[in-house]
Amino acid sequence: MKKYKAILFAPDGDFVTDFYSDNKEDIWDSVNDMGSKWIFYPIVFIATDKTIVDTPEGLEHLKGKRITTVRNHIKNVYEQVCDSISEGMPLHILY
């Protein structure tokens, strides 16, 4: 079984997993090459089965948190995230 996976969060906290590998860099490479199969750009983290182990720039404070904790956090700031997206504000300010 692969050690790491990508967690791709929607702004409302829903997520999917994709891009399994033993190497975090391979997952980031796959994420960067995933193209436009999403209507929006997801918030991407690298995780083990339950824990966030790597984050995008600006969200480093979520490293080491449980996936459920991050999901609940994203759900709690959903309306602020939507407002920020429409105003062009960087998301890391909210998270």
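The numbers here are math on the coordinates, done by the rules we state, and not lab data. Fair warning: this is a prediction, and the values are worked out from it, not measured in the lab. Heads up, the Cβs are rebuilt from the backbone with ideal geometry, glycines too, and the neighbour counts pull from every protein chain shown.
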Quiz item: Between F15 and residues 5 or more places away or on another chain, which pairs have amide H atoms under 5 Å apart, with H built 1.01 Å from N, and which residues are they?
Solution: A10
Exercise. Taking a cut-off of 18 Å between Cα atoms, list the aspartates and glutamates near K2, but don't count ones fewer than 8 places away on the same chain.
Key: D18, D22, E25, D26, D29, D49, D54
Self-check item: Whole-Hz ³J(HN,Hα) from phi, Karplus 6.51 cos²θ - 1.76 cosθ + 1.60, for region 66-77, glycine and proline x
Solution: 6, 4, 4, 5, 5, 4, 4, 4, 4, 4, 5, 10
Self-check item: Amide H contacts of K65 (H built 1.01 Å from N, under 5 Å, at least 5 apart or other chain)
Solution: I52
Quiz prompt | Unit Cα scatterers, Debye sum, region 3-83: log10 I(q)/I(0) for q = 0.13, 0.21 Å⁻¹ | solution = -0.37, -0.97
Quiz item: When ranked by the protection proxy of mean other Cβ atoms within 10 Å per residue, highest first, what sequence do the peptides 24-32, 2-10 form?
Solution: 2-10, 24-32
Quiz item: With Cβ to Cβ distances under 10 Å as the rule, what net charge do the other residues near T51 carry (K, R +1; D, E -1)?
Solution: +3
